[in-house]
Amino acid sequence: MSQPPAPIRTPCIKVCVVDGESGLCLGCYRRLNEVAGWARLSETERERIMAELPTRRSLIRPEKLGLL
């Protein structure tokens, strides 16, 4: 019997709201096309995007993240 595929690692936190100004999800900081195509990306592409996510937060105005 074959093994089921390994789960795909994702930054999704189930807060799916896209900021019109930055084009980023307010929950995970991915772009809509990245969210939509996540399962089709290679592991290398997903890891590259995941590495960028912490810096993307600065592209969203703090008040939109509830920080002010």
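The values are calculated or read from the model by the stated rules, or taken from the named source; none is laboratory data. Bear in mind that the values here come from a model prediction, so they are computed numbers and not experimental data. Here Cβ is always computed from backbone atoms with ideal geometry, including for glycine, and neighbour counts include all displayed protein chains.
Below, the figures for the structure above:
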quantity: Residues within the range 17-30 that are within 21 Å of Arg48 (Cα to Cα) and in a loop (DSSP other than H, G, I, E, B), tallied; calculated: 7
quantity: Residues of the range 47-56 satisfying the condition of being surrounded by 15 or more Cβ atoms within 10 Å (Cβ to Cβ) and of a type outside the set (A, V, I, L, M, F, W, C); calculated: Arg56
quantity: Where Cys25 falls short, out of the listed (1) at pLDDT below 95; (2) surrounded by 11 or more Cβ atoms within 10 Å (Cβ to Cβ); (3) within 11 Å of the chain's Cα centre (by Cα); calculated: (1)
quantity: Residue that is farthest from Val15 (Cα to Cα), among those in the range 31-50 that are among the polar types (S, T, N, Q) and either in contact with a helix residue (DSSP H, G or I) (Cβ under 9 Å, 6 or more places away or on another chain) or assigned to a helix (DSSP H, G or I) (or both); calculated: Thr44
quantity: Qualifying residue in the range 50-63 (condition: of a type outside the set (Lys, Arg) and in contact with a Phe, Trp or Tyr (Cβ under 7 Å, 6 or more places away or on another chain)); calculated: yes
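One line per residue, one yes/no per condition, for (1) surrounded by fewer than 16 Cβ atoms within 10 Å (Cβ to Cβ); (2) free of Cβ contacts under 8 Å to residues at least 12 places away in the same chain:
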{"residue": "Ser2", "(1), (2)": "yes, yes"}
{"residue": "Ala6", "(1), (2)": "yes, yes"}
{"residue": "Arg9", "(1), (2)": "yes, no"}
{"residue": "Val15", "(1), (2)": "yes, no"}
{"residue": "Arg30", "(1), (2)": "no, no"}
{"residue": "Glu34", "(1), (2)": "no, no"}
{"residue": "Ser42", "(1), (2)": "yes, yes"}
{"residue": "Glu45", "(1), (2)": "yes, yes"}
{"residue": "Ser58", "(1), (2)": "yes, yes"}
